[in-house]
Amino acid sequence: MQRKHVTPAKFDHTVTQKLKIAIIRTDYYQELNDNLEQYCRQTLVEHGVKEENITTFIAPGSWEIPLVAQTIAQSKEFDAIVAFGVIVKGETYHFDMIANECAHALMQVSLEYSIPLAIEVLAVHDIAQAKARASKNTHNKGIEGAIAILKTLQTLGSIQ
């Protein structure tokens, strides 16, 4: 089954140029996280977000992403957060625990602080699956995270 890529929406650059976006990524699987961040940044800039308004924060691992996200949200300096990480299933329950708790905690941060948060923490069975989602191609989840956060901000802007 072939995956379909998210169709980008049109965004008002007079709005997007004012946005401040935080990216959180991890040290684990550095090359993959580099690609995710690169494609996210590139997509945000293509849609009008100024490069100087995008700030990257490095978490040691996916377990630590929620605390970093919470601290960013508490600062009220950013309009949205995009979180990246790669969790590869091993032989123990650790994979399930980290993936589930990270996603749950990030959702809590988003709801508690009313900040849009795109969760692109890849929970995969093997490194091949991670590479398929974080390689240098149009299916990179960094692109999807950027588009998702811009669409969410656009929707919220139409409500407020």
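I'm checking my understanding of the structure. Among residues of segment 17-43 that are assigned to a loop (DSSP other than H, G, I, E, B), of a type in the set (D, E, K, R) and closer than 19 Å to Ala73 by Cα, which one is modelled with the lowest pLDDT?
Lys18
Looking for whichever is over 19 Å from Tyr29 (Cβ atoms), in contact (Cβ under 8 Å) with a residue 24 or more places away in the chain and surrounded by fewer than 21 Cβ atoms within 10 Å (Cβ to Cβ) here; the options are Ala99, Ala148. Which one fits?
On inspection, the qualifying residue turns out to be Ala148.
Go through (1) under 30 Å from Val15 (Cβ atoms); (2) of a type in the set (Asp, Glu); (3) modelled with pLDDT under 95 one by one and return the number of the condition Asp96 breaks.
(1)
Output the number of residues of segment 52-61 satisfying the condition of being crowded, with 16+ Cβ neighbours inside 10 Å and in contact with an Asp or Glu (Cβ under 8 Å, 6 or more places away or on another chain).
Total meeting the criteria: 1.
When segment 144-160 is examined, which residues are found to be over 13 Å from Ile119 (Cβ atoms) and either more than 11 Å from the chain's Cα centre (by Cα) or at pLDDT below 95 (or both)?
Listed by number, the residues that qualify are Leu150, Lys151, Leu153, Gln154, Thr155, Leu156, Gly157, Ser158, Ile159, Gln160.
I'd like to verify a number: residues in segment 43-82 that are touching a residue at least 60 places away in the same chain (Cβ under 8 Å) and not hydrophobic (A, V, I, L, M, F, W, C), how many?
The qualifying residues number 3.
Only one residue in Tyr39, Tyr29 is in contact (Cβ under 8 Å) with a residue 24 or more places away in the chain and at positive phi. Which one?
Answer to the check: Tyr29.
For segment 62-87, give me each residue that is part of a helix (DSSP H, G or I), buried (at least 16 other Cβ atoms within 10 Å of the Cβ) and among the β-branched types (Val, Ile, Thr).
Ile65, Val68, Ile72
Within segment 124-131, can one find any residue that is more than 17 Å from the chain's Cα centre (by Cα) and β-branched (Val, Ile, Thr)?
yes
Go through segment 44-61 and give me each residue that's assigned to a helix (DSSP H, G or I) and either modelled with pLDDT under 95 or more than 12 Å from the chain's Cα centre (by Cα) (or both).
Val45, Glu46, Glu51, Glu52, Asn53
Of the residues Ile72, Ile81, Ile119, only one is among the hydrophobic types (A, V, I, L, M, F, W, C), within 17 Å of Tyr28 (Cβ to Cβ) and modelled with pLDDT of 95 or more; which?
Ile119
Of the conditions (1) over 19 Å from Ile147 (Cα atoms); (2) touching a helix residue (DSSP H, G or I) at 6+ places or on another chain (Cβ under 9 Å); (3) of a type in the set (D, E, K, R), Glu77 clears all except one; give me its number.
So Glu77 meets the others, but not (2).
The values are calculated or read from the model by the stated rules, or taken from the named source; none is laboratory data. Bear in mind that the values here come from a model prediction, so they are computed numbers and not experimental data. All Cβ positions, glycine included, derive from the backbone under ideal geometry; neighbour counts span all protein chains shown.
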